[in-house]
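One structure is given here, and the rest of the page talks about it.
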Amino acid sequence: MYKIKRNDTVEVIAGKDKGKRGKVLRMFPKTDRAIVEGINLVKKHQRRKQQEQQTGIVQIPLSVHISSLILICKNCNRKTRAGFSVQPDGTRLRVCKKCKEPI
C-alpha cells in the first residue's frame, strides 16, 4: 500500500520543479512513479492523428519518482509524512503525522 495515491496533493522536494505543488493524476506502482499535474512538463512535437487533436508543439507531463514527492495534508495544509492506523473493523487508514487526522 502506497502512502501517495491518485488525486492527492503533493509537493516536489527534488529536481527542477522543486517547491511546486500539484495533484497526482496517475500512479505507476511497478516503477514507483507518478504523473503530477503541472510538474515535469516537456515539449513534444505532435502531428494530427484525429480531427479534434491539437497539433504543433504541445506540453505533456512526464512521470516523477515518488521519492521526489511529499504529501500535503488536506486538514493542516502542511507537508507531512503519512502513517497508518488500523480501525477496529480491520481497515487501514492513512493518517497525517503532524495533525493526526485521516487523510
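The values are calculated or read from the model by the stated rules, or taken from the named source; none is laboratory data. All values derive from a computational prediction rather than experimental measurement. Note that each Cβ is placed from the backbone with ideal geometry, even for glycine, and that neighbours are counted across all protein chains shown.
One residue stands out in segment 55-97 among those that are in a strand (DSSP E or B) and among the small types (Gly, Ala, Ser): the one that is nearest to Val10 (Cα to Cα), namely Ala82.
All of (1) exposed (fewer than 10 other Cβ atoms within 10 Å of the Cβ); (2) within 21 Å of Ile13 (Cβ to Cβ) hold for Lys49 with one exception: (2). Residues in segment 59-103 that are exposed (fewer than 11 other Cβ atoms within 10 Å of the Cβ) and on the phi < 0 side of the Ramachandran plot: 9 in all.
Can you name the residue in segment 26-51 that is aliphatic (A, V, I, L, M) and in a strand (DSSP E or B) and is also farthest from Ser67 (Cα to Cα) among such residues?
Residues of segment 26-51 that are aliphatic (A, V, I, L, M), as a first pass: 27, 34-36, 39, 41-42.
From the residues that got through so far, the ones that are in a strand (DSSP E or B) too are 27, 34-36, 41-42.
Working: Met27: 13, Ala34: 10, Ile35: 13, Val36: 13, Leu41: 18, Val42: 20 Å.
Within segment 26-51, the match that is farthest from Ser67 (Cα to Cα) is Val42.
One residue is enough: does segment 21-35 have a residue meeting the conditions of a type in the set (Gly, Ala, Ser), closer than 26 Å to Pro102 by Cα and surrounded by fewer than 18 Cβ atoms within 10 Å (Cβ to Cβ)?
Applying the first criterion (of a type in the set (Gly, Ala, Ser)) to segment 21-35 yields 22, 34.
Those still in the list that are closer than 26 Å to Pro102 by Cα too: 22, 34.
With surrounded by fewer than 18 Cβ atoms within 10 Å (Cβ to Cβ) added as a condition, the list becomes none.
Checked against the condition, which is being of a type in the set (Gly, Ala, Ser), closer than 26 Å to Pro102 by Cα and surrounded by fewer than 18 Cβ atoms within 10 Å (Cβ to Cβ), segment 21-35 yields no hits at all.
Here Asp17 clears all of (1) at pLDDT 95 or above; (2) surrounded by 13 or more Cβ atoms within 10 Å (Cβ to Cβ) except the condition numbered (1). Of the set (1) surrounded by fewer than 13 Cβ atoms within 10 Å (Cβ to Cβ); (2) more than 11 Å from the chain's Cα centre (by Cα), all apply to Asn40 but (1).
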